[in-house]
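Asks: Encoded as structure tokens, here's the structure I'll be asking about.
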Amino acid sequence: MNNLIFLDTETTGISSEDRLFQVAYIFNDKKKESLFKPPLPISIEASEVTHYTNKDVENLKTFSESEYKKELTEILKNPKNIFIAHNAKFDIKILEKENIKINDFIDTYKIAQFLDPEVKLGAYRLQYLRYALNLNTKGASAHDAMGDVIVLKSLFERLYKKMKELHPKNTLRKMIQISKEPQEIKKINFGKHKGKFVADVAKEDIGYLQWLLKQKELDAAEGNIDEDWIFTLKKYL
């Protein structure tokens, strides 16, 4: 599978205006990463997670003027290559702000969710899965772009093996399909019903799900679309 590109970005924040300042990827076993000067400051919250500050990037080139962007664009414009990321739509939106378009993609977050129908895993965050699944990722630093890509690649290999058992033919195509569709959320991991199955809450407190749907739709109107939750809530309502 030499047409897979594993990629992660670190960004100035998580709002719709934020931009990338670090990109790392693995493609055909070649590892590449770099820092860039973003068009707006790195937020304190982002520095808290990544430990990079504005001083670290103030004298660097911007991503748009870099050779890195040209090389990455060439890889991603090839329709045979498949983009792989965790919570892929976030990275896709970030790259689209740099005028890089993504063709097919696989979201390891959604694949992990799909392969856990009994909700045995407590969460699907990348670093959580790293330790929950005991992935072989020695030396990968958390919340550094290349560190996350190393974890991502190991996670994908685990998920692909399991998916191939269920769908031995066209396994990658099935993973792409799942990644593009909303996934049903089985269990609530926040609020007063934390730890309960959505199906059970639908029976005992339907008003809570109605309220939650309104909140999700308000968020969606502001550009923060949580398609999995909206899909799930509409199913039960």
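What follows is calculated from the coordinates using simple rules that are stated; it is not laboratory data. These numbers come from a predicted model, not from an experiment. Virtual Cβ from ideal backbone geometry, glycine too; neighbours counted across all protein chains shown.
Asks: Between the DSSP loop rule and a limit of at most 13 other Cβ atoms within 10 Å, which trypsin sites (Lys or Arg not before Pro) in the range 174-227 are left?
Replies: Answer by residue number: Lys194.
Asks: A further question follows. Which helices, taking whole DSSP H runs in the chain, have alpha carbons extending 27 angstrom or more along the helix axis plus mean Kyte-Doolittle at least -0.5? Could the numbers behind the result be given before it?
Replies: Details: long enough: 145-166 (31 Å, 0.15).
The qualifying helices are 145-166.
Asks: For the chain, what does the relative contact order come out to in percent, with C-alpha contacts under 8 Å and a separation of six or more?
Replies: 16 percent
Asks: Which value in nm describes the separation of the simple spin-label points at Ala132 and Gln210, placed 7 Å from the Cα toward the beta carbon?
Replies: Here the modelled spin labels are 3.2 nm apart.
Asks: Which distance in nm do the two modelled labels at Glu48 and Lys120 give, with both placed 7 Å along the Cα-to-Cβ direction?
Replies: Roughly 3.5 nm, to one decimal.
Asks: Give me the percent relative contact order of the range 103-237, please, defined on Cα pairs under 8 angstrom at least 6 residues apart.
Replies: Dividing the mean separation by the residue count of the range 103-237 yields 22 percent.
Asks: Based on DSSP H runs of at least 4 residues, each adding -39500 (n - 2.57), what is the mean residue ellipticity at 222 nm of the chain after dividing by all its residues, to the nearest 500 deg cm²/dmol? Don't jump to the answer; show the numbers that get you there.
Replies: On the way: 11 runs with 109 residues, N = 237.
Helix-only estimate at 222 nm: -13500 deg cm²/dmol.
Asks: Of Lys153/Lys186; Lys32/Lys162; Lys138/Lys194; Lys93/Lys162; Lys55/Lys194, which sit over 31 Å apart, Cα to Cα?
Replies: Cα-Cα > 31 Å for Lys138/Lys194; Lys55/Lys194; rest within.
Asks: Could you tell me which of Pro182, Asn2, Ala140 has its Cα farthest along the dipole of the chain towards the positive end, charges placed at Cβ (Lys, Arg +1; Asp, Glu -1), taken about the Cα centre?
Replies: The one lying farthest along the dipole's positive direction is Asn2.
Asks: Going by a ≥ b ≥ c, the root eigenvalues of the Cα gyration tensor, does the range 1-128 fall in the rounded group (a/c under 1.5), the prolate group (a/b larger than b/c) or the oblate group?
Replies: In terms of gyration-tensor shape, oblate.
Asks: With a Förster radius of 25 Å, plug the Cβ-Cβ distance of Lys161 and Lys32 into 1/(1 + (r/R0)^6) and report the FRET value to the nearest 0.05.
Replies: 0.45
Asks: Contour minus end-to-end for Asn189 and Thr62, with contour as 0.36 nm per residue of separation and end-to-end as the Cα-Cα distance?
Replies: Additional length available on full extension: 41.9 nm.
Asks: List the GluC sites (Glu not before Pro) within the range 163-237 that DSSP assigns to loop and that have no more than 11 neighbouring Cβ atoms inside 10 Å.
Replies: In loop regions of the range 163-237 (DSSP not H, G, I, E or B), the sparsely surrounded GluC sites (Glu not before Pro) are Glu222.
Asks: Among DSSP bridges having both ends in the chain, what percentage is antiparallel? Round to the nearest 5.
Replies: The antiparallel fraction comes to roughly 70 percent.
Asks: Compute the length gained on full extension between Leu218 and Glu74: take 0.36 nm times their separation in residues and subtract their Cα-Cα distance, giving the result in nm to one decimal.
Replies: 48.1 nm
Asks: Still on this structure: What's the Kirkwood radius of the chain in Å, using all Cα pairs?
Replies: It works out to 19.1 Å.
Asks: Turning to a different aspect of this structure: Given the options Ala221, Ala46, Ala132, state which has the largest fluctuation in a GNM of the chain using a 10 Å cut-off (strictly under) for Cα springs.
Replies: Its mean-square fluctuation being the largest, the pick is Ala221.
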